[in-house]
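Taking it in order: structure first as structure tokens, then the write-up.
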Amino acid sequence: MPPDLRRPLTALAIRNAVRAGRLTAARACRAALDAIEADEPRLHAYITVCADRAMEAARRLDADPARLARLPLAGVPVAIKDNLCTAGLPTTAGSRMLEAFAPPYDATAVRRLEEAGAIVVGKTNCDEFGMGASTEYSAFGPTRNPIDPSRTPGGSSGGSAATVASGAVPIALGSDTGGSVRQPAGFCGVMGLKPTYGRVSRYGLIAFASSLDQVGILSGTARDAALALQAIAGADAADATAARQPVPDYAAAVEGPATGVRVGVPRALIGEDVDDEVRVRFDEACDALRALGLEVREVSLPHARHAVPVYHLVASAEASANLARYDGVRYGLRAPHDGSITGMYAATRGAGFGREVKRRIMLGTYALSAGYYEAYYAKGQQVRALIRAGFEAAFREVDLVALPTAPTPAFRLGERLDDPVRMYLADLFTAGPSLAGLPAVSVPCGATGEGLPVGLQLVGRMFDEAGLLRVANAFEQDAAARNGVA
Amino acid sequence: MSQALPEREVERIARLARLAPTPVERRRLAEELGQILAFAAAVASVDTSGVEPGVDWLVQEPLERPDQPRPSLAADAALANAPEHADGLVLVPRVLPRD
């Protein structure tokens, strides 16, 4: 009997039904495209929807049932953040600079998902070049939170989080540099995984900060996150920073018991900046972990309170170098100019970049400039090493660190646009694990009285995505059982 | 007391970054960068004596392959997004001054 496509299905359910012949890839794709079309006027989660390309890919899959039956993501519709290259399909990174850019190659993560049988249905909206915490810095208009459309979905992967939260697709790729997968996941009530730095190839991910960027996964469940990670993780000849560590069986690992896992909570970090209702949901989540048989104790992360300023110094410096390539020469915008080469650079970069991107380029250039490099960038990298050491010390006593994903639930559109520092504080809990290169996942842990989702963030040791997903799955199954959801 | 950066500093950085802010943008950037740098100032007081700056935990052995030619990006694909090109070359305004 075919599955009921009026209810959102997990990736696992779709691929099982497609492999068993109870559902065609074309039907699954059509259902996703119809849901996107119904939601888009309200949400604006997408910059490009590629209906023809998706249906054609689905038909090709359906025409080869022997191959289809073996594919791990057979027929699963997926959305891709618009800073990941998709060959021949517009890839804008949310910027006017790349508004008309169609890459000549696929990002490795995208290619691997498609080789696993997934169908790309569209490119999702994001803060320009990944710089933002609300998707309001997209050059193409903001995305709205499906739970409350007067609020942001978070950022920078707001479009990916919103489309998964709306139920249109079960999996979306995002990118996370200082929190850009985890925070929107928390704001939209879905799961958001940032793998260990290097776990997933960055080839074809439009660069923001090269020592921090990671491709991440937005999904409705831990099992779906495991499925996606299995497809995209692993070494890549095209990315020398992609880790050569073997890829474990995440799908098997996610089912394991979570009893006996030791969780550390850095209480001192959860201070007055944190919304009261977020704090209550977080405490309840810790109680739920205890009831599941995990040990929850206090740990100290003494330098983690400097994570946000350190992150902005280091990430902006790296961004100023990475965004130097946008000069109007080889691709992207070339703005009208005075006929001189330097005039072309300035006019192009002036017209192509938005305010936040220019702010960060300026900050980064300053932090790297002669006379300031030692005080800002080098100092930031030293404090970064201390933050990393703090996590390593904690992991001698515990297996995971738990924190709220964000200090507040989703804020209203327009609320923080005139206050860049306040916007940066959305990364309060996510920036530290990014600086340390550690894997981290945001798991839904209830909502505020107004129904706004709250996220629990779990941080693991390097390359322990299996441990993270196992606990995330146990927590998710337990919460579903307690809430009476199948 | 204003935290704003001196506008001459903003001009210096903008030149390095190949940006040309308008006077209004320059004033706003001076204010905003000042705020952000003030926010980042707390980092200066952290004791980092003996700490190596850097991310050695992220570094792996370099990736190598045999030095054998193999197909790469075709020229027409590489030029497909070029704003102006001719004869397989990207065209830009003159870089070197005329003699």
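The values are calculated or read from the model by the stated rules, or taken from the named source; none is laboratory data. Model, not experiment: these values are computed from the prediction. Note that we place each Cβ from the backbone using ideal geometry, even for glycine, and neighbour counts take in every protein chain shown. Keep in mind that these areas ignore ligands, DNA and RNA; they rest on the heavy atoms of the full protein, side chains included. Shrake-Rupley method; radii C 1.70, N 1.55, O 1.52, S 1.80 Å.
Give B:70, B:65, B:94 a once-over and let me know the one that is in contact with a helix residue (DSSP H, G or I) (Cβ under 8 Å, 6 or more places away or on another chain), farther than 24 Å from residue A:387 by Cα and part of a loop (DSSP other than H, G, I, E, B).
None of the other options fit; the residue is B:94.
For the range A:254-285, give me the residue count where each residue is open to solvent by 60 Å² or more (accessible area, probe 1.4 Å), more than 17 Å from residue A:441 (Cα to Cα) and in a loop (DSSP other than H, G, I, E, B). If you could, list the steps in order and put the result at the bottom.
First pass over the range A:254-285, keeping only residues open to solvent by 60 Å² or more (accessible area, probe 1.4 Å): A:255, A:257, A:259, A:262, A:267-268, A:272-273, A:276-277, A:279-280, A:284.
Of the ones still in play, those that are also more than 17 Å from residue A:441 (Cα to Cα) are A:257, A:259, A:267-268, A:272-273, A:276-277, A:279-280, A:284.
Within this subset, residues satisfying the condition of being in a loop (DSSP other than H, G, I, E, B) are A:257, A:259, A:272-273.
Residues that pass the stated criteria total 4.
Which of the residues belonging to the range A:74-96 are within 13 Å of chain B (Cβ to nearest Cβ), surrounded by 23 or more Cβ atoms within 10 Å (Cβ to Cβ) and within 30 Å of residue A:19 (Cβ to Cβ)?
Within the range A:74-96, A:85 is the sole residue that qualifies.
For the range A:97-128, enumerate the residues that are in a helix (DSSP H, G or I) and within 14 Å of chain B (Cβ to nearest Cβ).
A:97, A:98, A:108
With at pLDDT 95 or above, open to solvent by less than 80 Å² (accessible area, probe 1.4 Å), touching a Gly at 6+ places or on another chain (Cβ under 6 Å) and not acidic (Asp, Glu) as the only criterion, which of A:57, A:28, A:38, A:32 stands out?
A:28
Every residue, every condition in (1) more than 7 Å from chain A (Cβ to nearest Cβ); (2) farther than 30 Å from residue A:104 by Cβ; (3) surrounded by 15 or more Cβ atoms within 10 Å (Cβ to Cβ), yes or no:
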position: B:6; (1), (2), (3): yes, yes, no
position: B:38; (1), (2), (3): yes, yes, no
position: B:60; (1), (2), (3): no, no, no
position: B:67; (1), (2), (3): yes, no, no
position: B:77; (1), (2), (3): no, no, no
position: B:89; (1), (2), (3): yes, no, no
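Go through the range A:353-461 and tell me which helices (runs of 4 or more DSSP H), entirely inside it, have 1 or more residues that are open to solvent by 10 Å² or more (accessible area, probe 1.4 Å) and within 14 Å of another protein chain (Cβ to nearest Cβ).
Working: elements: A:355-368, A:379-394, A:420-424, A:431-435.
Filter on the range A:353-461 gives A:355-368, A:379-394, A:420-424.
State whether the residues of the range B:45-55 include one that is under 23 Å from residue A:421 (Cα atoms) and open to solvent by 70 Å² or more (accessible area, probe 1.4 Å).
From the range B:45-55, those under 23 Å from residue A:421 (Cα atoms) are B:45-46; that's our starting set.
From the residues that got through so far, the ones that are open to solvent by 70 Å² or more (accessible area, probe 1.4 Å) too are B:45.
For the range B:45-55, residues under 23 Å from residue A:421 (Cα atoms) and open to solvent by 70 Å² or more (accessible area, probe 1.4 Å): present.
Which of the numbered conditions does residue B:16 fail, given that it passes all the others? Conditions: (1) open to solvent by 90 Å² or more (accessible area, probe 1.4 Å); (2) more than 22 Å from the chain's Cα centre (by Cα); (3) at the interface with chain A (Cβ under 9 Å from one of its Cβ atoms).
Among (1) open to solvent by 90 Å² or more (accessible area, probe 1.4 Å); (2) more than 22 Å from the chain's Cα centre (by Cα); (3) at the interface with chain A (Cβ under 9 Å from one of its Cβ atoms), the lone unmet condition for residue B:16 is (2).
Considering only the range A:328-349, state which residues are assigned to a loop (DSSP other than H, G, I, E, B), open to solvent by 30 Å² or more (accessible area, probe 1.4 Å), at the interface with chain B (Cβ under 7 Å from one of its Cβ atoms) and of a type outside the set (Gly, Ala, Ser).
Answer for the range A:328-349, where residues must be assigned to a loop (DSSP other than H, G, I, E, B), open to solvent by 30 Å² or more (accessible area, probe 1.4 Å), at the interface with chain B (Cβ under 7 Å from one of its Cβ atoms) and of a type outside the set (Gly, Ala, Ser): A:330, A:331, A:334.
Which members of the range A:60-71 meet the condition of being touching a residue at least 24 places away in the same chain (Cβ under 8 Å) and either in a helix (DSSP H, G or I) or buried (at least 18 other Cβ atoms within 10 Å of the Cβ) (or both)?
A:61, A:62, A:65, A:68, A:71
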